[in-house]
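Below you'll find the structure, written out as structure tokens, and then a few comments.
Nothing in this text is a laboratory measurement; each read-out follows from the coordinates by a stated rule. What you see is a predicted model; the values in this text were computed from it and never measured. Note that we place each Cβ from the backbone using ideal geometry, even for glycine, and neighbour counts take in every protein chain shown.
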Amino acid sequence: MSMPELQAQSDTATISGARLLVRCLRELKVDTIFGYPGGAIMPVYDALPNSGIRHILTRHEQGAALAADGYARASGRVGVCLATSGPGATNLVTGLANSMLDSVPVVAITGQVATSLMGTDAFQEVDMFGITLPIVKHSYIVRDAADIPRVLAEAFHLAAEGRPGPVLVDLPKDITVAQVNASVSLPTFNTPEPKPSPGIELAAEMMAAARRPLFYLGGGIEMAFAEDAARALVEATGFPCVMTLKGLGAVPTDHPNSVGMLGMHGNQAANLAVQECDLLIVTGARFDDRATGKLDEFAPGARVIHLDADAAEISKLRHADVALAGDLIANLNALKQAFCAMQPSPIERWRSHTGELREKHAWRYDAPGETIYAPALLRDLAEQAGDDLLLACDVGQHQMWVAQHCRIRHPRRHLTSGGLGTMGYGLPAGLGAKLACPDNTVVVVSGDGSIMMNIQELATLKRYQIDVRIVLLDNASLGMVRQWQELFFDGNYSEIDLSDNPDFAELARVFGLQARTIDRRDQVGGALDWLLTSTGPSLLHVRIDPQANVWPLVPPGKNNANMMEGEQR
């Protein structure tokens with residue numbers, strides 16, 4: 001056969017929309033998808049076997065979305081989840097909102113009824129385009145199978161570029177079965193070389209003149225892969241730093257310059273340092289209310305330099321004296337170079353003062369009694385697990401204890417639902433993270449309230465033998481709600497009693513996991529050894545004091561210097 005005849009044959013070859021979709025996913029370097037099949041998305045599932053893409057069947061679509069989120073955070077790549085139309089698609093919504101508020105790159109592909117049926121209230125038809133508009137960076141409805149490569153390429157590019165976030169691709173069933181020219185290919189995107197923002201010199205001059213400068217580091221550093229640049233600038237300046245919940249690990253939490261986590265449950269030293277500083281260098285953070293407390297009394301004597309990938313965040317809540325919008329790495333590197341060329345004011349007294357604050361307000365672990373003290377257990381867990389530990393947290397008291405007491409050396413090793421506060425996040429996020437980072441020790445820290453939100457994903461761990469270890473802190477209540485009811489609602493404990501919990505260790509064994517239960521302090525060391533050295537998915541059920549609270553606490557409506565302190569239990 002001649003070359004022209006071969007070319008003609010290639011040009012006329014066709015492929016279904018579903019198979020084109022799977023081919024494009026492979027070309028986009030997707031190796032793992034989390035999903036759940038159903039009618040409208042069935043042609044895509046027909047194309048998945050033998051595609052070279054690993055599909056993880058979660059037991060709920062919310063689990064698929066949160067697993068994709070965990071995969072994306074741990075790996076730095078775009079996470080992918082897949083669901084059918086109707087309830088399959090709507091079950092992704094919480095996961096997409098979670099990714100949106102925490103700026104996580106995820107592409108969600110949903111089945112949809114055929115285009116001829118759209119708008120007719122057909123079986124399992126919902127307007128996913130409309131439903132998700134406020135909680136995604138962008139939404140697509142594919143109306144021509146030939147558009148699949150362009151739409152997917154754009155979706156992946158948009159999810160990851162600038163400030164990351166989720167993107168939805170809604171795929172009508174007739175589009176997935178339609179035949180299209182097989183030669184259609186993915187477009188490419190040229191990313192311009194990042195350049196420092198105007199204002200670098202002015203920012204460096206302000207930093208050099210400051211007597212009490214402080215870095216305020218947020219989760220945007222992780223999303224921009226800017227942790228090395230941030231650490232280099234912190235060390236070159238010698239300035240102390242505080243971190244948000246999502247910023248933990250941007251500089252290791254045990255770094256000499258780290259004063260700790262700021263905010264509602266932050267370290268007292270960190271909150272006091274912020275209130276006393278005269279210059280706040282905000283990097284990849286957004287003045288979230290949980291970090292700032294009463295905003296108009298936050299860092300009252302400080303001028304502000306604000307670096308962020310998203311220009312919309314700068315001066316949104318606090319006026320920036322210098323705004324550095326754009327690529328964080330470029331701006332941090334340029335700022336370091338400009339600062340090092342200057343003669344900075346001496347800050348030894350300030351460094352000494354913040355060090356004294358850190359020492360004075362260091363965490364204590366000498367709580368009396370024989371019951372298990374959760375902060376000490378979590379500190380010991382992080383120390384015994386070592387530097388390859390990757391933590392995935394649920395939401396509640398245990399989430400704050402992890403942030404306060406676990407050593408975190410890299411932001412991608414601490415996965416937590418910051419903006420949305422999604423109970424049920426930890427288990428699916430942890431399994432997604434383990435598949436992304438198989439060489440890391442992945443530990444999910446959950447509570448007895450949160451674990452029940454997505455407990456079905458224990459079956460996913462068992463099916464695929466995903467080696468995730470679970471520490472379940474059980475106080476027989478919705479602990480954080482109970483604490484607020486105790487402190488701010490006159491002890492009116494409304495609907496927080498979980499004393500009828502199942503036997504979690506026995507439940508884990510029913511799912512096929514190894515499990516143990518402990519309830520005394522003298523059992524902790526051996527139990528952690530067992531958890532960290534066991535092979536395969538396992539659960540450590542830890543009964544703790546139902547009255548234990550998270551301290552300190554900045555009450556609502558107060559500034560961060562007004563921290564409530566309670567007794568260790």
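Below, the figures for the structure above:
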item: 0 to 90° range, to nearest 10: angle between helix 17-27 axis and the chain longest Cα axis; result: 50 degrees
item: Positive-pole candidate from Leu272, Ala299, Thr283, dipole of segment 261-314, charges at beta carbon; result: Leu272
item: Packing-based exposure ordering (other Cβ within 10 Å, fewest first) of Phe504, Phe34; result: Phe504, Phe34
item: Nonlocal amide H pairs with Leu82, under 5 Å, H built at 1.01 Å; result: Phe34, Gly35, Tyr36, Ile109
item: Backbone HN-Hα couplings from phi across segment 156-171 [Karplus 6.51/-1.76/1.60, Hz, Gly and Pro as x]; result: 5, 5, 5, 4, 9, 7, x, 7, x, x, x, 10, 9, 10, 9, 10
item: For Asp278, residues with placed amide H under 5 Å, excluding near neighbours; result: Arg212
item: Least to most buried among Thr535, Thr84, Thr110 (fewest other Cβ within 10 Å first); result: Thr535, Thr84, Thr110
item: Segment 13-181 - convex hull of alpha carbons, volume per residue in Å³; result: 94 Å³
item: Whole-Hz ³J(HN,Hα) from phi, Karplus 6.51 cos²θ - 1.76 cosθ + 1.60, for segment 105-110, glycine and proline x; result: x, 9, 10, 9, 10, 10
item: When the convex hull of its Cα atoms is projected in every direction, mean area for the chain (nm²); result: 28.8 nm²
item: Proximal lysines to Lys360, defined as alpha-carbon separation beneath 27 angstrom and excluding residues fewer than eight positions away on the same chain; result: Lys246, Lys294, Lys558
item: Whole-Hz couplings from phi, Karplus 6.51/-1.76/1.60, listed for segment 230-240; x for Gly and Pro; result: 5, 5, 4, 5, 4, 6, 5, 7, x, 6, x
item: Ratio Rg/Rh [Cα only; Rh per Kirkwood] for segment 449-519; result: 1.08
item: Long-range amide H partners of Asn559 with built H, under 5 Å; result: Lys294
item: Nearest 10 degrees, 0 to 90: helix 374-385 Cα axis against the chain principal axis; result: 60 degrees
item: Relative contact order of the chain, defined on C-alpha pairs under 8 angstrom at six or more residues apart (%); result: 14 percent
item: The chain: angle of helix 524-533 to the longest principal axis, Cα-based, in degrees nearest 10; result: 30 degrees
item: Reciprocal of mean inverse Cα separation for segment 278-361 (Kirkwood radius, Å); result: 14.5 Å
item: Equivalent ellipsoid dimensions for segment 374-543 as semi-axes, Å, which come from the Cα gyration tensor, largest first; result: 24, 18, 16
item: Spatial extent of segment 310-455: Rg and Dmax, with the Cα atoms as the point set, Å; result: 19.7, 57
item: For segment 336-416: rounded, prolate or oblate by the Cα gyration tensor [a/c cutoff 1.5]; result: oblate
item: Long-range Cα-Cα pairs in segment 200-360 (distance over 23 Å), rounded percent; result: 27 percent
item: Counting all C-alpha pairs of segment 260-303, share separated by more than 17 Å (%); result: 21 percent
item: Theoretical gain in end-to-end length, Ser499 to Ser352 [0.36 nm per residue, Cα-Cα removed]; result: 48.2 nm
item: Cα centroid of segment 63-120 to Cα centroid of segment 440-459, whole Å; result: 20 Å
item: Residues Val251, Val151 arranged by fewest to most Cβ contacts within 10 Å; result: Val151, Val251
